[in-house]
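Down below is the structure, laid out as structure tokens.
The values are calculated or read from the model by the stated rules, or taken from the named source; none is laboratory data. This structure is a prediction, so every number in the text was calculated from the model and none was measured. Don't worry about glycine lacking a Cβ; one is built from the backbone with ideal geometry, like all the others, and counts go over all protein chains shown.
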There are 2 protein chains.
Amino acid sequence: MATSEFARLPGFRDFPPEDLALRSHIQEAWRRVARRYGFSEYDGPPLESLDLYVEKSGEEIVGQLYDFVDKGDRPVALRPEMTPSLARILADRSRGMSKPIRWFSMPQLFRYERQQRGRLREHFQWNVDIVGEAGVGADAEVVAVAIDGLRELGLTSEDFAARVSDRRLLNAVLGVVGVASDRRSAAFGVIDKIERMPAEKADELLRDEVGLNGAAVERLRAILAASSIDELADLLGDEGGADEEMANLRDYIGILMSMGLADFVELDLRIVRGLAYYTGIVFELFDRKGELRAICGGGRYDRLLELVGGEALPAVGFGMGDVVLGELLAERDLVPEYRPRVDYFLVPITEDQRAELLRIAHVLRERGHSVAYELRERGVGKQMKAATREGADTVLLLGPDEMERGCVVARDMQTGEESDVPLSELA
Amino acid sequence: MATSEFARLPGFRDFPPEDLALRSHIQEAWRRVARRYGFSEYDGPPLESLDLYVEKSGEEIVGQLYDFVDKGDRPVALRPEMTPSLARILADRSRGMSKPIRWFSMPQLFRYERQQRGRLREHFQWNVDIVGEAGVGADAEVVAVAIDGLRELGLTSEDFAARVSDRRLLNAVLGVVGVASDRRSAAFGVIDKIERMPAEKADELLRDEVGLNGAAVERLRAILAASSIDELADLLGDEGGADEEMANLRDYIGILMSMGLADFVELDLRIVRGLAYYTGIVFELFDRKGELRAICGGGRYDRLLELVGGEALPAVGFGMGDVVLGELLAERDLVPEYRPRVDYFLVPITEDQRAELLRIAHVLRERGHSVAYELRERGVGKQMKAATREGADTVLLLGPDEMERGCVVARDMQTGEESDVPLSELA
């Protein structure tokens, strides 16, 4: 249906008002929730030096960069994620700042992904991070923000859950079931993909690549299927080897229980979050029906700031995109109806009232009201139709007789009731 | 002072919270004013096909594009201005829409400008457009939005003015003073730069390039110096030749007078707005001291939508950037002080109150309050210092004695007054 000679780039969205309304609805909810948790908003440039991503982001991301050389011969890239910019900004200023630092942002991010249904090349992502606090209190605070971000939009524990894991705990568990130290990273790789491969294929990899025997594979599978900390504790038995990590995760879940968010949290050791910069507790938010991709992912990344040359500060955070979330809201019928509206629509009966109309319009706008009117002469019938189309709460009718009486007529567009408003109230 | 190994790109800004606060302050004012005038917000992609700009934008802009070839071999560019995207979006959908269309947007735009003090390579720009209305009512409405956008930020008619012109009127005036038809475009070029060149140089160009004799140059200079429509009418005399254009501009200024905005508007025929797509009334907003570059520029562009393959629709709009405006606000001491604040800071006297603290924090957040607390065990003194640093209105102290009494102590951080709050009110 496009008639323009110029097409929008594939994977990019236009936001006409009815679509921007949903984006704003989501972003305003994100902002309200972040502020309730005492976070401050920041932003960075959408364009950064290429080297900020090359070594720090995962390989998958680097392969999908919008990168080029600028007119000053600098290799640059559109930001594919926000955390490297956050780390860069804090590297320059964190030393003078009180800790912990609680910052959030809502950047548009860019990845050249293969074209697939529902896959875009840009999205807006809510980034929420606590920097400078190593304890599980920060881990729990951050996942609580993510959960409340979705609750603020009307989603409940019937709709979604946070699946949490801990990369240190998984590492310890792998030790308990007998994975040699030099096979741990191979094991992380298999577990990261285990939900998306046939069981036989996974078993084969756990035997051949990770070096487990049949009994150990079965035990690991049972552990990975545990959905609560108590179940996991039972499966690990009294052998020890993961006690500290278990206690840590227990504290974390205890905090979320105290907040009243227990219904939203499940243990799931299969959550690994790629192989990038995470170092501790990690989590993803999923729709319970499991039909959509993850809504949100995050975790602890205690070494990133040091890696970009800053102060060695522990950090934890998440990113939540607007695209999958928008799909979920649409599925659950939680997208607010878009309808234009203005407080007042002003209708001159004849053009003689135009100057008075302009004066009154500006007075009402000065008082903070939204006001519209036809910008040229039109019949009263057409003007009333326009008032309806613009969603006017009240129409002010300016006629010669009313002017003589020193008033205008206000018509309530819901009830149809009319009343006089003295001009002295509109001065 | 940068300690990061990775530098921000030159000409780009980071927005730590204290800087984002000013950006938000400006953008929220823009949004409020646009809504008061009944405009709806839209957005487009920051990356577009290169050809969208190559023919439609001025030469200066094309030379400053951030353009490259994407991984799918498409020539693309970061948007240097918003109007081409607006035209593209409307070309695909305007036929089904009621007119006039009143849209606004606040995109970040990108130009690779030569590095100079105060020149950046990105800025946020308020774009406000009325599409589908050819009359001066739309021209006046749009400049009123621009003026009120600045007034909303605390600026007055002492601080800034709109200088308005009309390219059709200037064309007619050039005819009146004797510029041949084939020299009009050369004359526009000289007048566009006349304020930035020595008088002798301008006179020389008007003689040699535009073909005027000494008396005509002097007459044109006097006309260009006219700052009101009456002054201009006197200078033009009764010869005719620009009557229709004069009447049009008189109507335009009459509308702004009816709105009470006369103090903000000056005639200035030297305002030409480059040589790009403008076709009628054009304007710029300047600080009265004349120290800064134009704060805002806009005008009528009746042929652009057709040019990008859409419906032939008249249009008028402006762009106002955040950078020059930010400088003006700083100069006039109109930048609000940034200070972090939260409604409540919660202080446990001992760690035994942690679970109750978490519960209360979540209850208060559910009620829409902002709440912070230390994420790990700390002495009460340190916690109180943190409360002050976070800008807490109220500190809630949770101690073992109070818990036993079934309450917490609320301390008003302004007055220091303390009072008991029953736990039943925090359930």
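So how many residues does region B:288-309 have that are hydrophobic (A, V, I, L, M, F, W, C) and within 21 Å of B:SER94 (Cα to Cα)? Write out each step before concluding.
Taking region B:288-309 and keeping what is hydrophobic (A, V, I, L, M, F, W, C), we get B:292, B:294-296, B:304-305, B:307-308.
Going one step further and asking which of them are within 21 Å of B:SER94 (Cα to Cα), we end up with B:304-305, B:307-308.
Matching residues across region B:288-309 total 4.
For region A:63-103, name all the residues that are assigned to a helix (DSSP H, G or I) and free of Cβ contacts under 8 Å to residues at least 12 places away in the same chain.
Matches in region A:63-103: A:ARG93, A:GLY96.
Would you mind stating whether B:VAL143 is aliphatic (A, V, I, L, M), in contact (Cβ under 8 Å) with a residue 12 or more places away in the chain and within 26 Å of A:ASP14 (Cβ to Cβ)? Don't jump to the end; show me each part of the working.
Details: aliphatic (A, V, I, L, M): yes; in contact (Cβ under 8 Å) with a residue 12 or more places away in the chain: yes; within 26 Å of A:ASP14 (Cβ to Cβ): no.
It is false that B:VAL143 is aliphatic (A, V, I, L, M), in contact (Cβ under 8 Å) with a residue 12 or more places away in the chain and within 26 Å of A:ASP14 (Cβ to Cβ).
Cβ contacts < 8 Å: first residue within 7 Å of chain A (Cβ to nearest Cβ), restricted to region B:126-138; second residue of a type in the set (A, V, I, L, M), any location; separation 6+ or different chain. Result?
B:GLU133/A:LEU375; B:GLU133/B:VAL316; B:GLY135/A:LEU375; B:GLY137/A:LEU375; B:GLY137/B:ILE255; B:ALA138/A:LEU375; B:ALA138/B:ILE130; B:ALA138/B:VAL316
In region B:206-237, what residues are exposed (fewer than 13 other Cβ atoms within 10 Å of the Cβ) and more than 14 Å from B:ASP268 (Cα to Cα)?
If the condition is that a residue be exposed (fewer than 13 other Cβ atoms within 10 Å of the Cβ) and more than 14 Å from B:ASP268 (Cα to Cα), then B:ASP208, B:ASN213, B:GLY214, B:ALA215, B:ASP234, B:GLY237 are the ones that fit.
Working only within region A:33-50, note down all residues that are part of a loop (DSSP other than H, G, I, E, B) and crowded, with 19+ Cβ neighbours inside 10 Å.
Pass one, region A:33-50, residues part of a loop (DSSP other than H, G, I, E, B): A:37-39, A:42, A:44-46, A:50.
Matches in region A:33-50: A:TYR37, A:GLY38, A:PHE39, A:TYR42, A:GLY44, A:PRO45, A:PRO46.
So which residues in region B:238-280 are assigned to a helix (DSSP H, G or I), within 14 Å of another protein chain (Cβ to nearest Cβ) and touching a residue at least 12 places away in the same chain (Cβ under 8 Å), if there are any at all?
B:ASN248, B:ARG250, B:ASP251, B:TYR252, B:ILE253, B:ILE255, B:LEU256, B:ASP263, B:PHE264
Checking A:TRP30 against (1) more than 18 Å from the chain's Cα centre (by Cα); (2) outside any loop (DSSP other than H, G, I, E, B), which single condition isn't satisfied?
Among (1) more than 18 Å from the chain's Cα centre (by Cα); (2) outside any loop (DSSP other than H, G, I, E, B), the lone unmet condition for A:TRP30 is (1).
The conditions are (1) farther than 29 Å from A:ILE255 by Cβ; (2) touching a residue at least 60 places away in the same chain (Cβ under 8 Å); (3) under 17 Å from the mean Cα position of the chain (by Cα); (4) surrounded by fewer than 22 Cβ atoms within 10 Å (Cβ to Cβ), and A:GLY154 fails exactly one of them. Which is it?
That leaves (1) as the condition not met.
Test B:LEU169 against the criterion of being more than 18 Å from B:ILE271 (Cα to Cα) and surrounded by 18 or more Cβ atoms within 10 Å (Cβ to Cβ), and give yes or no.
no
Is one or more of the residues making up region B:2-12 at the interface with chain A (Cβ under 9 Å from one of its Cβ atoms) and assigned to a helix (DSSP H, G or I)?
No.
Tell me which residues, restricted to region B:329-351, are among the aliphatic types (A, V, I, L, M) and touching a strand residue (DSSP E or B) at 6+ places or on another chain (Cβ under 6 Å).
If the condition is that a residue be among the aliphatic types (A, V, I, L, M) and touching a strand residue (DSSP E or B) at 6+ places or on another chain (Cβ under 6 Å), then B:VAL342, B:LEU346, B:VAL347 are the ones that fit.
In region B:292-339, which residues are buried (at least 21 other Cβ atoms within 10 Å of the Cβ), of a type in the set (A, V, I, L, M, F, W, C), closer than 18 Å to B:PRO80 by Cα and away from chain A (no Cβ under 14 Å)?
B:ILE295, B:CYS296, B:PHE318, B:MET320
Please go through region B:156-188 and pick out each residue that is part of a helix (DSSP H, G or I) and within 21 Å of B:PHE286 (Cα to Cα). Show your work before the answer.
Step one: of region B:156-188, the residues part of a helix (DSSP H, G or I) are B:167-177, B:181-188.
Scanning region B:156-188 gives B:ARG167, B:LEU170, B:PHE188.
Assuming A:TYR53 fulfils every condition listed in (1) without any contact (Cβ under 8 Å) to a residue 40 or more places away in the chain; (2) within 7 Å of chain B (Cβ to nearest Cβ); (3) within 30 Å of B:PRO75 (Cα to Cα); (4) outside any loop (DSSP other than H, G, I, E, B) apart from one, which condition is it?
That leaves (2) as the condition not met.
Residues are listed down the side, and each one gets a yes or a no for (1) in contact (Cβ under 8 Å) with a residue 60 or more places away in the chain; (2) exposed (fewer than 14 other Cβ atoms within 10 Å of the Cβ); (3) in the same structural domain as A:GLN116 (by TED's automatic domain parsing); (4) small (Gly, Ala, Ser):
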{"position": "A:ARG354", "(1), (2), (3), (4)": "no, no, no, no"}
{"position": "A:ALA361", "(1), (2), (3), (4)": "no, no, no, yes"}
{"position": "A:GLN383", "(1), (2), (3), (4)": "no, no, no, no"}
{"position": "A:ARG389", "(1), (2), (3), (4)": "no, yes, no, no"}
{"position": "A:ASP412", "(1), (2), (3), (4)": "no, yes, no, no"}
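Of the residues A:ILE101, A:ILE26, A:ILE89, only one is β-branched (Val, Ile, Thr), surrounded by 19 or more Cβ atoms within 10 Å (Cβ to Cβ) and either facing chain B (nearest Cβ under 8 Å) or in contact with a Lys or Arg (Cβ under 7 Å, 6 or more places away or on another chain) (or both); which?
Just one listed residue meets the conditions, A:ILE89.
Looking only at strands (runs of 3 or more DSSP E) that fall completely inside region A:340-427, which ones have 3 or more residues that are more than 9 Å from chain B (Cβ to nearest Cβ)?
A:342-348, A:392-398, A:407-412, A:418-422
Would you confirm, using the coordinates I've provided, whether A:ALA215 is more than 27 Å from A:ALA162 (Cβ to Cβ), in the same structural domain as A:ARG300 (by TED's automatic domain parsing), at pLDDT below 95 and part of a helix (DSSP H, G or I)?
yes
If you check every pair at least six apart or on different chains, which have Cβ atoms under 7 Å apart with a residue in region A:303-314 that is assigned by TED's automatic domain parsing to the domain that holds A:ARG95 first and a residue that is assigned to a loop (DSSP other than H, G, I, E, B) and among the β-branched types (Val, Ile, Thr) second?
So the pair list comes out as A:ARG303/A:THR279; A:GLY309/B:THR3; A:GLY310/B:THR3.
Whether any residue in region A:364-380 is in contact with an Asp or Glu (Cβ under 6 Å, 6 or more places away or on another chain), under 16 Å from B:SER258 (Cα atoms) and at pLDDT 95 or above is what I want to check.
Within region A:364-380, one or more residues are in contact with an Asp or Glu (Cβ under 6 Å, 6 or more places away or on another chain), under 16 Å from B:SER258 (Cα atoms) and at pLDDT 95 or above.
Yes or no, residue by residue, for (1) facing chain A (nearest Cβ under 7 Å); (2) under 27 Å from B:VAL143 (Cβ atoms); (3) at pLDDT 95 or above; (4) under 18 Å from the mean Cα position of the chain (by Cα):
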site: B:ASP19; (1), (2), (3), (4): no, no, yes, yes
site: B:SER57; (1), (2), (3), (4): no, yes, no, no
site: B:GLY72; (1), (2), (3), (4): no, no, no, no
site: B:ALA77; (1), (2), (3), (4): no, no, yes, no
